[in-house]
Every structure is written in structure tokens, then in C-alpha cells.
Amino acid sequence: MAVTLHRYKVGNSELTIAGIAEDADDDAFDPNFFDEGYSLAAQTAYSVWEGAAFLLAFLQRSDEPCAVTLRVLLGAVLPSRPHQLTIGTNDAAQPVVQLLPPQRIVELGSGTGAAGLGLALLGCQVLLTDVAPVVESMRNNIASNAQPYPSPASPFGPLVSSVVADAPPATSWMPDARAVGAGWAAAQSLNWMFPLSAQRSPADPCAARVVLATETTWLRELVDPFVGMTAVLLASPLTSAVIHPDELPTTTAGTVQTDEHAIFAHLRAHPWLKWALWVYKERGTATSDTFTTFAGVTATFASAGCRVYTVYREASSEDPGQDVRINVVVSASACGDVVVAGAC
């Protein structure tokens, strides 16, 4: 199968992703076709979807408050830009600043790994996951980008500023992690069709605070297993046993007065709360038997005890009439009634 290289500017680096050539012969034999756990849906894992590229570009914007907030919540570091967020003003009208360290992220349905590797370049610790036949491709893309660039000065010590290729981070939860830019990345299989309990090694996906997914729910047959796996990960406990003190946020004193989205304020105030960053582009209609709708997927999330908050949407550059949505998903039981407003 023909291979093409996709290149994206991320921070001071160029992210290089190998995938199937977009003009490849449809009749070419797929060597993974008969592998256990593989499917026709899994074949799309070798393409870079619009949602992944959109997210990487969006997170680097400085003109969009939502992008700035998400970047800080993820602990993503942009060179020459402060690794902090002015979250409002205190009673004395002085700015209240919050610093968040690089977050632990597990990406579901990573495919080529473009989105997760982009976040690793910006300092995050990212575990790429997909069905077993795709893992080798993800590891190859990790290897291709395992050339760390000098990261900016960081208040979080070795988690960001001491980057050494092929050495595990100081608070390692990914035994096979490799340094990628200012962060770390590893890859392993995670099949949504099987119980998570049997798939928690060598790295434990439950040790991540953030679940990342871009365009993973385009087929109806994928919705139930994806939502089920996401709900299990969000419900799994995140305690001090897996979080290093340097991975907690620091905030200047003061009563915050801010107009940001309620879910962002809630996530900042509750560093133990897990959340998912889910990018979605609608392809179906209410009568479609194959493709999904946003309303349909959010209804499945609600049935699984999760709330979905759309924090940004923009017209698709590839599919006229469709929007790319950036969503935050949380477990309803973990939020109570604090952030009911704004849920889809």
C-alpha cells in the first residue's frame, strides 16, 4: 500500500505523520485485513482525518480564548508564550493566574497518532491507542518524531524542561515512552470491544486524566463501544497514587470573577476530575443507517452517564455545510449539579 507523509507545524517543530496515500489504489491488498481485531473501519486509521489536523491548528491559536484555555488545561506549551492562564480578576481587580502542568492523556482510536503526537510535541504525556494491527504504525510515527526540541523554561521541573530522548519521564506511567518534542509518547493496543480490565498494561490508560478522541464516532457501529470505553475511563478513579505533586495546578490567591465556559472553571477547580476532549464532525442524518449524528452520539453519552459540552465549533474546510465541533465530556456523577448549564 502506498504511503504518504503529512507534515504539520506544531510549536517550533514539524510533525511528520506517515499514512496511506490519499490517491492510493483502492484495490491494493491490505496486509492487516485478516488480523484479529481488524475491520474495514480500522483501515481508516491510516489516514489523517480533518478533526486531528483541525485540533492541532486550533490549540495553537492565540486569538481564540477557548484555544488558550484548552491549551492550559492540557498543559500544552507553546514556545515564547506563557505557560499560564489569566482566569479572571480578584476583588482588587488584579489578574488571577493559574499554571497547569503537562497532563497525562490517553488517545482512543489514535490511528496515525497525529493529534496525540502533536500534543506530545507541546509537552503532554500521551498514550496512543488503537486496535492491535495499527500499533506498529503508531510506534513508527512516534519514532519518526522522537527528536526533542529545547523546551521553554517551565515551572514544572523535569516534567517539561529536562527532555532526554528515550528516557522515561520522572513520574513515568508509560514504561515504553519516548521523548517527543517537549513531551512523551507511547503506543499500545486498546480495543473498545473488550473489557478495559484486561488491557491495562504495560501502560495503564486509567492513569491518564484526559481522554482524547478525534473523529472516532463517524460510523454508528462504533458509537456504543467508543462511548462505553470513554465512560469507563472517565469513571475510573484518579488519585494521588498516580499523580505526582508537580502535576497539580497552582493558582494565585483571590476570588475569581470570570466569564469563561462553566465546564472550564469546573475542570480547573477540580484537578482530580477526569475529562474527555472529543472532536466530532457530523456525517449522517436522522435516517442514516451507517453514519452518525451529533444528537445521536450525545444521546448515547447521556445514556452512559456522561455530559457533553460543545466549547467551540467551526465550519468544516472539507465538507461544506458541516461543522467541526470541539467538545468536553465529563462523567455526570462526578459533576453533580455544578455544571448543568451548557450541556448538550
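Rule-based calculations on the coordinates, nothing more; no lab input. The shown structure was predicted, so the numbers you read here are calculated from the model rather than taken from an experiment. No Cβ is skipped: glycine too gets one built from the backbone with ideal geometry, and neighbour counts run over all protein chains shown.
Brief remarks on what is shown
- Amide H contacts under 5 Å for T214: V279, restricted to partners 5 or more places along the chain or on a different chain, H placed in the peptide plane at 1.01 Å from N.
- If R0 is 35 Å, the Cβ-Cβ spacing of D63 and A143 corresponds to a FRET efficiency of close to 0.55.
- Note on A262/D224: beta-carbon distance plugged into 1/(1 + (r/R0)^6) with R0 of 25 Å gives a FRET efficiency of 0.30.
- Label-to-label distance, nm, for residues given as A302 and A198 (7 Å Cα→Cβ offset): 3.4
- Listed peptides 188-201, 214-227, 290-303 by packing density, highest first (mean Cβ within 10 Å): 214-227, 290-303, 188-201
- Two-site FRET efficiency, R313 against N12, from Cβ-Cβ distance with R₀ of 30 Å, rounded to 0.05: 0.55
- Maximal additional length on extending the S172-A295 stretch stands at 40.5 nm, based on 0.36 nm per residue less the C-alpha distance.
- Residues whose amide H falls under 5 Å from that of G183, counting only those 5 or more places apart or on a different chain, are G123, with hydrogens built in the peptide plane.
- Peptide packing for 281-289, 265-273, 310-318 was compared via the average number of neighbouring C-beta atoms within 10 Å per residue; ordered from the highest value, the list is 265-273, 310-318, 281-289.
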